[in-house]
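Peer 1: Pasting a structure below so you can have a look.
The values are calculated or read from the model by the stated rules, or taken from the named source; none is laboratory data. This one's a predicted model, so the numbers in the text were calculated from it and none came from an experiment. Cβ: placed from backbone, ideal geometry, glycine included. Neighbour counts: every protein chain shown.
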Amino acid sequence: MRPQDEQLLATARDWFDRDDQVEHYRAEAAHGPTPLESRVLNRFPAPPADVLDVGCGAGRIAVPLARQGYRVTGTDVSRRMLDEARAWATAAGTRVSLVQVSGTEMPFTAASFDAILSCKQYGYLPGADLRKNYLTRLWELLRPGGILALTSHVVSSEAEARAALDGDAEHRAAAARFDALEPLDTFSAGAGFVHWFTRDQLLDEIAVLAEPEVLESDGLQLGFVLRR
Ligand SMILES: C[S@@+](CC[C@H](N)C(=O)[O-])C[C@H]1O[C@@H](n2cnc3c(N)ncnc32)[C@H](O)[C@@H]1O
């Protein structure tokens, strides 16, 4: 890990521990999966099966999966998001095993999951090398024939996204504190790190593991499904 990566990861964690983010994701969790996400989840093996939801947030997807009969483990760096997920699982009358840990350190045995989901979480990992290690680790955690599913928003063009960032004073002030940022590394409200992807960059990073099936809704919300 590069020296600044710990700091960048910490800004993402602190962002999701904020009151406004907790409230936002608590409200969003009640809506469950979007149509695109439901199409992705349809690729999962039927329950019961062991599912890992990395960066599960307030349990928006982990809880409905548990209610369907999956054995679900949810991980997240944010303690407050996990508190929300726990409360949501209890209210829904189901159980999700919740672990506070960064996606960069997955304390699980190899080949212990039938499906792994990373929903709107991948961009919070700084640096292509760290993300590559992360994907490789998730791949190891899958049983043969298992499914890795990853969803993300993408920007329509790198030039447009860069122009937006150049015009964002809060982002520029936050970015100035770090000396080795990649293009399209951004800081929401000058605080939480998140990397924005173009479709091609995301596809290039993921296709290192296997050829993904690509699902999309409006061209900017993408789902990638890979079979191990
Ligand atoms: C945009 S939210 C998505 C939450 C959930 N997956 C969903 O779709 O509703 C991103 C989540 O990733 C988590 N996250 C950010 N950095 C992380 C990291 N390094 N490891 C694990 N989770 C992380 C955040 O705490 C947050 O809960």
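Peer 1: Report yes if some residue within the stretch 192-208 is assigned to a loop (DSSP other than H, G, I, E, B) and exposed (fewer than 13 other Cβ atoms within 10 Å of the Cβ); otherwise report no. Spell out the reasoning first.
Peer 2: Residues of the stretch 192-208 assigned to a loop (DSSP other than H, G, I, E, B): 196-197, 207-208.
From what is left, the residues that are exposed (fewer than 13 other Cβ atoms within 10 Å of the Cβ) are 208.
So far as the stretch 192-208 goes, yes, one or more of its residues are assigned to a loop (DSSP other than H, G, I, E, B) and exposed (fewer than 13 other Cβ atoms within 10 Å of the Cβ).
Quick grid of which residues meet (1) within 11 Å of the ligand (Cβ to nearest atom); (2) out of contact with any Pro (no Cβ under 8 Å at 6 or more places or on another chain):
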| position | (1), (2) |
| --- | --- |
| 1 | no, yes |
| 19 | no, yes |
| 33 | yes, no |
| 41 | no, no |
| 47 | no, yes |
| 53 | yes, yes |
| 76 | yes, yes |
| 96 | no, yes |
| 107 | no, yes |
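Peer 1: Do we find that residue 159 is in a helix (DSSP H, G or I), under 18 Å from residue 61 (Cα atoms) and either away from the ligand (no atom under 11 Å from the Cβ) or in contact with a Lys or Arg (Cβ under 9 Å, 6 or more places away or on another chain) (or both) in this structure?
Peer 2: The answer is no for residue 159.
Peer 1: Would you mind finding the one in 103, 123 that is within 14 Å of the ligand (Cβ to nearest atom), assigned to a loop (DSSP other than H, G, I, E, B) and within 24 Å of residue 221 (Cβ to Cβ)? I'd like the intermediate steps shown before the answer.
Peer 2: Values: 123 fails: assigned to a loop (DSSP other than H, G, I, E, B).
Unique residue meeting the criteria: 103.
Peer 1: Continuing with the same structure: Out of (1) more than 13 Å from the ligand (Cβ to nearest atom); (2) buried (at least 22 other Cβ atoms within 10 Å of the Cβ); (3) not β-branched (Val, Ile, Thr), what's the single condition that is false for residue 138?
Peer 2: With (1) more than 13 Å from the ligand (Cβ to nearest atom); (2) buried (at least 22 other Cβ atoms within 10 Å of the Cβ); (3) not β-branched (Val, Ile, Thr) applied to residue 138, the lone miss is (1).
Peer 1: Would you confirm whether or not the stretch 4-17 contains a residue that is within 10 Å of the ligand (Cβ to nearest atom), of a type in the set (Lys, Arg) and crowded, with 21+ Cβ neighbours inside 10 Å?
Peer 2: no
Peer 1: Then there is this: It is to be established whether one or more residues within the stretch 171-189 are modelled with pLDDT under 95 and in a strand (DSSP E or B).
Peer 2: yes
Peer 1: Just the residues that are assigned to a strand (DSSP E or B) and buried (at least 21 other Cβ atoms within 10 Å of the Cβ), please, taken from the stretch 51-72.
Peer 2: Of everything in the stretch 51-72, those that are assigned to a strand (DSSP E or B) and buried (at least 21 other Cβ atoms within 10 Å of the Cβ) turn out to be 51, 52, 53, 54, 72.
Peer 1: Inside the stretch 23-44, can you point out the residues that are part of a helix (DSSP H, G or I) and either free of Cβ contacts under 8 Å to residues at least 40 places away in the same chain or under 16 Å from the mean Cα position of the chain (by Cα) (or both)?
Peer 2: Residues satisfying the conditions are 23, 24, 25, 27, 28, 29, 36, 37, 38, 40, 41.
Peer 1: Looking only at the stretch 215-223, decide whether some residue is crowded, with 20+ Cβ neighbours inside 10 Å, touching a residue at least 60 places away in the same chain (Cβ under 8 Å), within 16 Å of the ligand (Cβ to nearest atom) and under 20 Å from residue 39 (Cβ atoms).
Peer 2: yes
Peer 1: Exactly one of (1) in a helix (DSSP H, G or I); (2) within 22 Å of residue 215 (Cβ to Cβ); (3) within 13 Å of the ligand (Cβ to nearest atom) is unmet by residue 116. Its number?
Peer 2: (1)
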